[in-house]
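The values are calculated or read from the model by the stated rules, or taken from the named source; none is laboratory data. Since the model is a prediction, treat every value here as computed from it, not as a measurement. So basically every Cβ, Gly included, is an ideal-geometry build from the backbone, and we count neighbours across all protein chains shown.
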Number of protein chains: 2
Amino acid sequence: MQHTNKIASIYKELQQQMCRQLEEGDGKAVFQQVPWTKDIGSGLTCVMKEGNVIEKAGLNFSHVEGDFSPKMEAILGMKANKYSATGISSIIHPYNPFMPIIHMNVRYFELDNGTSWFGGGIDLTPHYINKAQATWFHQILKDICDKYDKNYYPDYKTWADNYFFNKHRNETRGVGGIFFDRIQPKGEEAFENFLAYTIDLAKAYPNIYCDLMEMNKSVEFNEVNKQWQALRRGRYVEYNLVYDRGTKFGLESGGNTESILVSMPPMAQWEYNFAPEADSAEQQTLDLLKKELDWVNMK
Amino acid sequence: MQHTNKIASIYKELQQQMCRQLEEGDGKAVFQQVPWTKDIGSGLTCVMKEGNVIEKAGLNFSHVEGDFSPKMEAILGMKANKYSATGISSIIHPYNPFMPIIHMNVRYFELDNGTSWFGGGIDLTPHYINKAQATWFHQILKDICDKYDKNYYPDYKTWADNYFFNKHRNETRGVGGIFFDRIQPKGEEAFENFLAYTIDLAKAYPNIYCDLMEMNKSVEFNEVNKQWQALRRGRYVEYNLVYDRGTKFGLESGGNTESILVSMPPMAQWEYNFAPEADSAEQQTLDLLKKELDWVNMK
């Protein structure tokens, strides 16, 4: 479909820029680039491992189309015959427990019934929450949003709070960020503006992470911190496999499993009824895994 | 509800027997017994860790009841006002990669609309498949099934093949076993017979695992084997969070998250596009993760 093709070519080029920047920021590892083709389309999976700072990163582009299945009808609550979709999605898992996990996605979805929409977001999952850095991160997102529409940040920040939420744990995945889905801009200008907004978000992503690497890569850590990171990675796995729409849709629609699950951490742990000590840094982080915290104005 | 209460008291006593046998078989660790109460009911979570052979085991009993939610209506495809349920479920993760993971569940579900059913199963997930032991395991299950009905083993074995299947990987979770759900015995005698069948299965479970410990606990292993175990545990996590009905229903119905997710392995790994060497023991195991293998008659 027409728009999907155009947007796919923009996103595909963006992916390369993002890879180069993250490689420079890490300073050691490079992305392995693995193109794939399946009956539903093609993609380029970029995977980095064993860098200086980055233990594992996935940065995927895909462009797919196919029959709109009954399962998709059920998931999306609408009818169509064909769909096409394109997007970039990325997750980075660092070695240092004082570096956060980050996630970014922008995507465009088009149906042959005339409906189409954008979706996406960026969110940050620190193993240990640094309040000042969470505020800094949210301010960057707000500045990008405000360039386009003053409602975007408050709306999409709230959306992220509700979306990146491990309901069965009653805790947010991290400090949130922004999330939006099924955004249908009305008219050509609004459409182009929203596309430009998603491009700005994608461009901001490697900048944000490179800055976070500079801030945190040399923070010392110990075995307790590594153990806590492993348990928090377990929560990340739970979120991605139980709730994440992209993962569920991808696995359901016969997507490329290895590319979809490159989001999994290199290693994760689970321990029954683990509870950090009162007043520990770990407990302080748990206490901040809540919706509706006003990070931009946090003292 | 009447039947649920009676069955819950039988299952609760069985749980204690099972714990004692597994403790004897392991020879070191004992189950920590953690009772819990929530608005939907109560349970007893038994957790073992750091045994001689068993790295982590969960053996849970629960007895819950509550309002039949719209979500449950959608999952179960029927309408009711109230439900009650009781069951035992267990998973064991061993240290030695040449010991298999095992899982067992028996459960009874009753609605206030007059409908009730049994569900359950036992399945084995070797990190390395030992064909003779898989045959031995299936033969034990077949013998128990055949005491009740010659159709149970073939029917429930096929059901397990289809149920314990990681569709997105196109591989079975392990060598299968038996699985059944929504079994509604007609008449009092058939009901009592089926209850006795679930009790026999629960009793067989610790015997099977204690025998497997005797067979395998002293097999030597190396770092390659441990690495492979960690990756196979990753697949186990994928199965439990993406497909397992008990896990999904439990998380959805506001169950006790820590008890439900005691099924998670102590540690799991993911590696992008990992492929074992041709003809390796790891590849031989992958080649056997298929449906419709006739394990009882395997040469």
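Scanning segment B:123-149 for residues that are of a type in the set (D, E, K, R), under 30 Å from residue B:280 (Cα atoms) and either within 14 Å of another protein chain (Cβ to nearest Cβ) or assigned to a helix (DSSP H, G or I) (or both) yields one hit, B:131. Scanning segment B:240-254 for residues that are in contact (Cβ under 8 Å) with a residue 40 or more places away in the chain and over 16 Å from the mean Cα position of the chain (by Cα) gives B:252, B:253, B:254. Applying the selection to segment A:160-186, what residues are away from chain B (no Cβ under 14 Å) and hydrophobic (A, V, I, L, M, F, W, C)? Matches in segment A:160-186: A:160, A:164, A:175, A:178, A:179, A:180, A:183. Among the residues of segment A:68-88, not one is within 23 Å of residue A:262 (Cα to Cα) and either in contact with a Cys (Cβ under 9 Å, 6 or more places away or on another chain) or loosely packed, with under 14 Cβ neighbours inside 10 Å (or both).
Checking each residue in segment A:224-239 for being over 14 Å from residue B:264 (Cβ atoms) and either at the interface with chain B (Cβ under 9 Å from one of its Cβ atoms) or free of Cβ contacts under 8 Å to residues at least 60 places away in the same chain (or both) picks out A:224, A:227.
For segment A:71-80, the count of residues that are among the hydrophobic types (A, V, I, L, M, F, W, C), touching a Pro at 6+ places or on another chain (Cβ under 9 Å) and more than 14 Å from chain B (Cβ to nearest Cβ) is zero. Somewhere in segment A:92-108, is a residue more than 20 Å from residue A:13 (Cβ to Cβ), within 13 Å of chain B (Cβ to nearest Cβ) and surrounded by fewer than 19 Cβ atoms within 10 Å (Cβ to Cβ)? No - not one qualifying residue is present in segment A:92-108. Residues of segment A:83-122 that are of a type in the set (Phe, Trp, Tyr), out of contact with any Asp or Glu (no Cβ under 7 Å at 6 or more places or on another chain) and part of a strand (DSSP E or B): A:108, A:109, A:117, A:118. Within segment A:27-41, the presence of at least one residue that is in a strand (DSSP E or B), within 14 Å of chain B (Cβ to nearest Cβ) and touching a helix residue (DSSP H, G or I) at 6+ places or on another chain (Cβ under 7 Å) is confirmed.
Highlighted here are the helices (runs of 4 or more DSSP H) found entirely within segment B:183-299 that include at least 1 residues which are surrounded by fewer than 16 Cβ atoms within 10 Å (Cβ to Cβ) and not basic (Lys, Arg): B:188-216, B:223-242, B:281-287.
One residue alone among B:191, B:221 is closer than 25 Å to residue B:24 by Cα and either modelled with pLDDT under 95 or in contact with a Pro (Cβ under 6 Å, 6 or more places away or on another chain) (or both), and that residue is B:221.
Screening residue B:254 with (1) within 8 Å of another protein chain (Cβ to nearest Cβ); (2) touching a strand residue (DSSP E or B) at 6+ places or on another chain (Cβ under 8 Å) gives one miss only, at (1). Taking segment A:87-120 as the range and being more than 30 Å from residue A:136 (Cα to Cα) and not aliphatic (A, V, I, L, M) as the test, the residues that pass are A:109, A:110, A:112, A:113, A:114, A:115, A:116. Listed by first and then second residue, the pairs linking a residue in segment A:259-282 that is more than 9 Å from chain B (Cβ to nearest Cβ) to a residue that is among the polar types (S, T, N, Q) and surrounded by fewer than 21 Cβ atoms within 10 Å (Cβ to Cβ), with Cβ atoms under 6 Å apart and 6 or more places separating them unless they lie on different chains, are A:276/A:283.
For (1) out of contact with any helix residue (DSSP H, G or I) (no Cβ under 6 Å at 6 or more places or on another chain); (2) farther than 22 Å from residue A:7 by Cβ, each residue gets a yes or a no:
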| site | (1), (2) |
| --- | --- |
| A:152 | no, no |
| A:163 | yes, yes |
| A:173 | no, yes |
| A:176 | no, yes |
| A:185 | no, no |
| A:190 | yes, no |
| A:194 | yes, no |
| A:199 | yes, no |
| A:206 | no, no |
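Scanning segment A:166-182 for residues that are among the hydrophobic types (A, V, I, L, M, F, W, C) and assigned to a loop (DSSP other than H, G, I, E, B) yields a single hit, A:175.
Which one is farthest from residue A:52 (Cα to Cα) among residues in segment A:5-24 that are among the polar types (S, T, N, Q) and surrounded by fewer than 19 Cβ atoms within 10 Å (Cβ to Cβ)? Only one residue tops the list, namely A:5. It is to be established whether one or more residues within segment A:189-202 are away from chain B (no Cβ under 14 Å), within 18 Å of the chain's Cα centre (by Cα) and within 21 Å of residue A:53 (Cβ to Cβ). The answer is yes; a qualifying residue exists.
If only residues of segment A:42-67 that are away from chain B (no Cβ under 13 Å) and surrounded by fewer than 19 Cβ atoms within 10 Å (Cβ to Cβ) are counted, the one that is farthest from the chain's Cα centre (by Cα) is A:67. Out of B:155, B:181, one residue alone is in contact with a strand residue (DSSP E or B) (Cβ under 6 Å, 6 or more places away or on another chain) and modelled with pLDDT of 95 or more. It is B:181. Mind checking which residues of segment A:150-165 are of a type in the set (Phe, Trp, Tyr), part of a helix (DSSP H, G or I) and within 18 Å of residue A:245 (Cβ to Cβ)? Correct list: A:156, A:159, A:163.
Every condition in (1) touching a Phe, Trp or Tyr at 6+ places or on another chain (Cβ under 8 Å); (2) closer than 26 Å to residue B:214 by Cα; (3) among the β-branched types (Val, Ile, Thr) is met by residue B:30 except one, and the failing one is (1). Say whether the condition of being surrounded by fewer than 21 Cβ atoms within 10 Å (Cβ to Cβ), in contact with a Phe, Trp or Tyr (Cβ under 6 Å, 6 or more places away or on another chain) and among the aromatic types (Phe, Trp, Tyr) is met by at least one residue in segment A:136-143. No; the residues of segment A:136-143 include none that is surrounded by fewer than 21 Cβ atoms within 10 Å (Cβ to Cβ), in contact with a Phe, Trp or Tyr (Cβ under 6 Å, 6 or more places away or on another chain) and among the aromatic types (Phe, Trp, Tyr). Within segment B:66-86, identify whether any single residue is under 30 Å from residue B:218 (Cα atoms) and modelled with pLDDT of 95 or more, and answer yes or no. No.
Specify which of the listed residues (B:59, B:14, B:44) is aliphatic (A, V, I, L, M), within 22 Å of residue B:204 (Cα to Cα) and assigned to a helix (DSSP H, G or I). Of the residues listed, the single one that is aliphatic (A, V, I, L, M), within 22 Å of residue B:204 (Cα to Cα) and assigned to a helix (DSSP H, G or I) is B:14.
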